Amino acid sequence: MDISQRLSFFAALYKVDEQPDVGMWLLYITLVGLCVIVYKLGFARKLPLGKSIVIYIFLALGCLVLTALGVFLPIGEGLVVAALILIIYKIRLHQQKKHDAGARQG
């Protein structure tokens with residue numbers, strides 16, 4: 001079986017099998033970006049700068065493991081789905097708060 005058949009979407013997109021150095025860095029950057037988006041949309045609270053830096057450092061370190069797993073498993077795709085669900089949730093929450101505020105006034 002050809003290894004390119006088993007790659008996840010992002011790993012195949014970045015051609016990890018043909019250019020492992022560049023492909024893995026691009027996959028890592030993509031996963032870190034998606035993890036930051038999911039963290040900010042779903043879990044982030046207002047924290048002091050020092051604590052935020054520590055959280056993002058550990059998030060970046062954790063993405064090293066996710067990058068290794070993300071070559072063959074759909075880690076990036078799962079993060080995209082999670083981000084989309086959280087975006088939809090935030091939009092609906094904003095609309096609900098706007099509707100509730102308008103009902104109180106009128």
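Every number here is computed from the coordinates shown, using simple stated rules; none is lab data. Quick caveat, the model's predicted, so the values are computed rather than measured. All Cβ positions, even for glycine, are placed from backbone atoms using ideal geometry, and neighbour counts span all protein chains on display.
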Per DSSP H run of at least 4 residues, take -39500 (n - 2.57); add these up for the chain, divide by its residues and hand me the 222 nm value, nearest 500 deg cm²/dmol. -26500 deg cm²/dmol
Stretch gain in nm, segment ASP17-ILE87, where the contour uses 0.36 nm per residue and the Cα spacing is subtracted: 22.0 nm
Which helices of the chain meet both criteria: a Cα extent of 27 Å or more along the helical axis and a mean Kyte-Doolittle score no lower than 0.5, with helices taken as whole DSSP H segments? 20-42, 49-70
Grab the beta carbon distance between ARG104 and ALA60, set R0 = 41 Å, and tell me the FRET efficiency rounded to 0.05. 0.45
Under the rule a/c < 1.5 gives rounded, and otherwise a/b versus b/c splits prolate from oblate, where does the chain land using the Cα gyration tensor? oblate
